[in-house]
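This report concerns only the one structure given below.
The values are calculated or read from the model by the stated rules, or taken from the named source; none is laboratory data. Note that the structure is predicted; figures quoted are calculated from it, not measured. Methodologically, a virtual Cβ is constructed for each residue, glycine included, from the backbone with ideal geometry; neighbour enumeration extends over all protein chains shown. With ligands, DNA and RNA removed, areas are computed over all heavy atoms of the protein, side chains included. Shrake-Rupley method; radii C 1.70, N 1.55, O 1.52, S 1.80 Å.
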Amino acid sequence: MRVPWSSCRWLFALRAGGQPAPRAAFACGGSRAAPGKMARYATEERGCRNSADYRIYFKTSDGKYISPFHDIPLYAGREQENDVPSSKKIKRNESEVLFNMVVEVPRWSNAKMEIATKEPLNPIKQDVKKGKLRYVANVFPHKGYIWNYGALPQTWEDPNHTDKDTKCCGDNDPIDVCDIGSKVCSSGQVIQVKVLGVLAMIDEGETDWKIIAINVEDPDAPALNTIEDVRRERPGHLEATFDWFRKYKIPDGKPENRFAFDGQFKDKDFAVEVIKSTHEHWRALVKKQAQGGEIDCTNVLVSESPFRCNESEASDVVKSAPPCGKAAPTPAEVDKWHFLSGTWAKSQVV
């Protein structure tokens, strides 16, 4: 069932308590605990929403500022160890392994929020291109992002590594993940997800994996364990996901995105191997064993990393950011529908 447009306009303006407010009326909420039964992380907003200076910083439940990129463990349900975590230490069956997901973009919203990989402590910010804040266009019949969209921490798609399957290098970011659960999350929320499969998008010649996963607290999670389960239990969901990634850049004047494997979703086991590989690349990055370029590896908890800083230094980073202020209005064109002609009906694959 599709959500009525009148409702969609308000969905991405939900506060943590679930009450809608006009988009332009939002002001920063300061510190807030991420929703959840036992929240291990909280966030602190700085700057003004819908502006280039807006940031969401992360901290632990005891108030220590951290990097969501480097300090939040990839594997859920385990405390950060006093060294660089290794996937080899996981002894459980792969089907039982859960991953932490950092939600960057809530479902139905348009602002292209992302982990700032080139800034100290890697807060979430809105992407800027050619001096303008970026918003994802509404390509009919989709409204904004059609899942909670985010990243798996402690992963890195190495731009110097050519993937043996896609024959393309990584995109220099943490690996992307789509939470197909029913709940609309908030930016900065950290949830535990079960991996179901993966789509291999080729973005301007770079490998850009899209992990398909579901929040373990979702009512449908027990029934969804594989990509075939999604295909059976949620008819059309995978097709809509492929269609979204194929077309979302067209309104910006770019061609359709291309895909490896003829655009087919790979299974859970394949996806887990991709995640393991990107985790190993991240480990090399934070140990200064890989060329990270402009990537900022400042962290607080990874003891073997030469980029580790102390709590005081981390606090200084956050305090140097502008204080919270009233949100700027969202541009009216963000609500515009984009209708694509049949000339874009054919997919491109590699």
Describe numerically, in nm with one decimal, the distance between label points set 7 Å from Cα along Cα→Cβ at F140 and at D62.
5.6 nm
When the accessible area of region 270-347 is computed with all protein chains present and a 1.4 Å probe, what percentage of it is carbon and sulfur?
52 percent
Tabulate in residue order the Karplus-calculated ³J(HN,Hα) for region 324-329, using 6.51 cos²θ - 1.76 cosθ + 1.60 with θ = phi - 60°, rounded to whole Hz; enter x for Gly and Pro.
5, x, 5, 5, 7, x
Could you give the dipole magnitude of region 92-142 about its Cα centre, charging the beta-carbon of Lys and Arg +1 and that of Asp and Glu -1, in debye to the nearest 20?
400 debye
Given a Förster distance of 45 Å, report the FRET efficiency between S312 and E204 from their Cβ-Cβ distance, rounded to the nearest 0.05.
0.65
How much of the accessible area of region 128-197, in percent, comes from carbon and sulfur atoms when a 1.4 Å probe is used?
52 percent
Compute the length gained on full extension between K132 and H237: take 0.36 nm times their separation in residues and subtract their Cα-Cα distance, giving the result in nm to one decimal.
34.6 nm
On the accessible surface of region 206-269, probed at 1.4 Å with all protein chains in place, carbon and sulfur together account for a percent value of 47 percent
For the residue pair K319 and E217, what label-to-label distance in nm results when each label sits 7 Å from Cα along the Cα-to-beta-carbon direction?
3.3 nm
What ³J(HN,Hα) values, in whole Hz, does the Karplus curve 6.51 cos²θ - 1.76 cosθ + 1.60 give for region 261-272 when θ = phi - 60°, with x put for Gly and Pro?
6, 6, x, 7, 6, 8, 7, 4, 4, 5, 4, 4
So who's got an amide H within less than 5 Å of the one on F259, skipping anything under 5 residues away but keeping other chains? H placed 1.01 Å off N, in plane.
I202, V349, V350
Once both labels are modelled 7 Å past Cα along the beta-carbon direction, what's the K118-I250 spacing in nm?
3.0 nm
How far, in nm, would the chain grow between S51 and D269 when pulled straight, counting 0.36 nm per residue and subtracting the alpha carbon separation?
74.5 nm
Considering the Cα trace of region 173-288, what is its radius of gyration and what is Dmax, both in angstroms?
14.9, 45
Could you pull out every residue, at least 5 positions away or on a different chain, whose amide H is within less than 5 Å of the one on I175? Hs are placed 1.01 Å off N in the peptide plane, and Pro or chain starts have none.
L152, T155, W156, E157
Karplus-derived HN-Hα couplings along region 124-136 (A = 6.51, B = -1.76, C = 1.60, θ = phi - 60°), whole Hz, x at Gly and Pro
7, 9, 8, 5, 10, 9, 6, x, 10, 5, 9, 10, 6
Over region 179-337, with neighbouring protein chains present, the accessible area per residue in Å² at probe 1.4 Å is 44 Å²
